[in-house]
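Asker: What follows is a structure written as structure tokens; I'll ask about it next.
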Amino acid sequence: MHTHESQAGHEAAATFAQLWSPGFLLVLIVVGVLYTLAVGRWRSHFAGSEPVSGKQRLWFWLGLACWYAAEGSPLAFYGHHYMFSAHMLQQSFLYLIMPPFLLSGTPGWSLRSIIRGRGWDRFMRAATSPLFSLFLFNFIFSMYHIPMVMDYLMEHEMLMDGYQVIFLAAAFQLWFPVFCPLPEYNVMSELKKMGYIFLNGILLTPACALIIFASQPMYAMFADVPAQYMLLPTLDDQQLGGVIMKIIQEIVYGIALAYTFFRWYRTERKKEDEEDMANTGTYFPSQGNPNGA
């Protein structure tokens with residue numbers, strides 16, 4: 001049962017600020033500009049800094065764009081008030097797509113300027129442990145989609161905001177071992193990363209399956225939506241949400257697996273080439289180029 005406030009929220013017309021969140025957009029633009037300056041004009045102020053490629057900068061900006069799509073666009077408003085399928089699409093952007101982009105676009109040297117000292121090092125190694133990261137994210141994801149939990153959080157904005165912060169931090173923890181910007185914390189081989197991604201896909205499946213194959217609406221928040229805001233019947237919208245999450249998860253994890261596989265393949269091919277050159281005596285790095293160049 002919902003409060004009168006939430007029912008009234010269903011019927012109230014959305015304002016421009018609610019739909020497009022201009023304040024949040026401005027914050028993200030400022031973050032993007034500061035990032036661009038930090039990896040460009042201000043790079044000399046960071047110890048051990050190295051050039052950042054245009055592709056890496058693009059990844060970061062795409063991550064910010066995904067963040068805005070999830071939290072600042074009409075997707076966030078309709079996902080919170082009217083459509084469970086929009087809510088699941090929002091979560092897909094926020095927890096599955098955005099973190100890999102931002103991690104891929106963040107140079108390691110920029111993080112080292114923040115992470116200093118033994119205390120930070122111990123924290124980072126504990127927080128980014130692959131097993132801990134894997135199970136923490138999937139536990140938080142599964143708990144969130146328990147109907148009692150989601151309905152309660154939807155009714156209490158401050159608790160929802162707090163849970164989302166924890167959820168987002170867990171998402172970055174999940175992806176950090178795969179798209180690790182700091183070599184010193186890159187503890188898994190490429191083959192282990194592929195197993196890690198595959199296992200995560202398995203752990204995410206039960207919650208999605210529960211939603212997809214439910215025979216009745218599970219979430220009270222989306223059960224009393226006015227007819228004019230419903231594109232699909234409540235149960236169909238709920239099942240569509242589960243399908244959206246599962247399909248996007250499969251696509252994202254498939255891309256991550258392919259990315260990791262080709263990175264492993266290139267590394268192994270390079271090792272083989274170097275071994276072949278050494279065995280044939282074509283080139284010995286310690287002796288210099290045999291052609292004298």
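Asker: Between residues in region 227-254 that are under 19 Å from Ser215 (Cβ atoms) and residues that are hydroxyl-bearing (Ser, Thr, Tyr) and open to solvent by 40 Å² or more (accessible area, probe 1.4 Å), which pairs lie under 9 Å by C-beta distance while being six or more apart or on different chains?
Answerer: Leu235/Ser215; Lys246/Thr205
Asker: Collect the residues in region 47-67 that are open to solvent by 40 Å² or more (accessible area, probe 1.4 Å), at negative phi and touching a residue at least 40 places away in the same chain (Cβ under 8 Å), keeping them in residue-number order. Write out each step before concluding.
Answerer: Initial filter on region 47-67 (open to solvent by 40 Å² or more (accessible area, probe 1.4 Å)): 47-48, 50-51, 53-59, 61-62, 65, 67.
Filter once more, keeping what is at negative phi: 47, 50-51, 53-59, 61-62, 65, 67.
If the condition is that a residue be open to solvent by 40 Å² or more (accessible area, probe 1.4 Å), at negative phi and touching a residue at least 40 places away in the same chain (Cβ under 8 Å), then Ala47, Glu50, Gln56, Arg57, Leu58, Trp59, Trp61, Leu62 are the ones that fit.
Asker: Could I ask something else about it? Kindly indicate whether any position in region 88-108 is out of contact with any Ser or Thr (no Cβ under 8 Å at 6 or more places or on another chain) and at positive phi.
Answerer: Initial filter on region 88-108 (out of contact with any Ser or Thr (no Cβ under 8 Å at 6 or more places or on another chain)): 88-106, 108.
Filter again for at positive phi, leaving none.
For region 88-108, residues out of contact with any Ser or Thr (no Cβ under 8 Å at 6 or more places or on another chain) and at positive phi: absent.
Asker: Restricting attention to region 113-143, which residues are open to solvent by 100 Å² or more (accessible area, probe 1.4 Å) and either of a type in the set (D, E, K, R) or more than 18 Å from Lys192 (Cα to Cα) (or both)?
Answerer: Within region 113-143, Ile114, Arg116, Arg118, Trp120, Arg122, Phe123, Arg125, Phe139 qualify.
Asker: Does any residue of region 220-237 turn out to be open to solvent by 30 Å² or more (accessible area, probe 1.4 Å), charged (D, E, K, R), modelled with pLDDT of 95 or more and under 20 Å from Ile247 (Cβ atoms)?
Answerer: Yes: one or more hits.
Asker: If you go through region 171-178 one residue at a time, do you hit one that is open to solvent by 30 Å² or more (accessible area, probe 1.4 Å), closer than 16 Å to Ala70 by Cβ and either in contact (Cβ under 8 Å) with a residue 24 or more places away in the chain or part of a helix (DSSP H, G or I) (or both)? Steps first, please.
Answerer: Residues of region 171-178 open to solvent by 30 Å² or more (accessible area, probe 1.4 Å): 172-173.
With closer than 16 Å to Ala70 by Cβ added as a condition, the list becomes 172.
Subsequent filtering for residues that are either in contact (Cβ under 8 Å) with a residue 24 or more places away in the chain or part of a helix (DSSP H, G or I) (or both) retains 172.
Yes, the conditions are met somewhere in region 171-178.
Asker: So Tyr185 ticks every box in (1) surrounded by 14 or more Cβ atoms within 10 Å (Cβ to Cβ); (2) farther than 26 Å from Trp67 by Cβ; (3) out of contact with any Leu (no Cβ under 9 Å at 6 or more places or on another chain) but one. Which box is left unticked?
Answerer: Result: Tyr185 passes all but (2).
The values are calculated or read from the model by the stated rules, or taken from the named source; none is laboratory data. Values in this document were obtained by computation on a predicted structure and should not be read as measured data. Cβ: placed from backbone, ideal geometry, glycine included. Neighbour counts: every protein chain shown. Side chains are part of the model used for accessible areas, which takes the heavy atoms of the whole protein and leaves out ligands, DNA and RNA. Shrake-Rupley method; radii C 1.70, N 1.55, O 1.52, S 1.80 Å.
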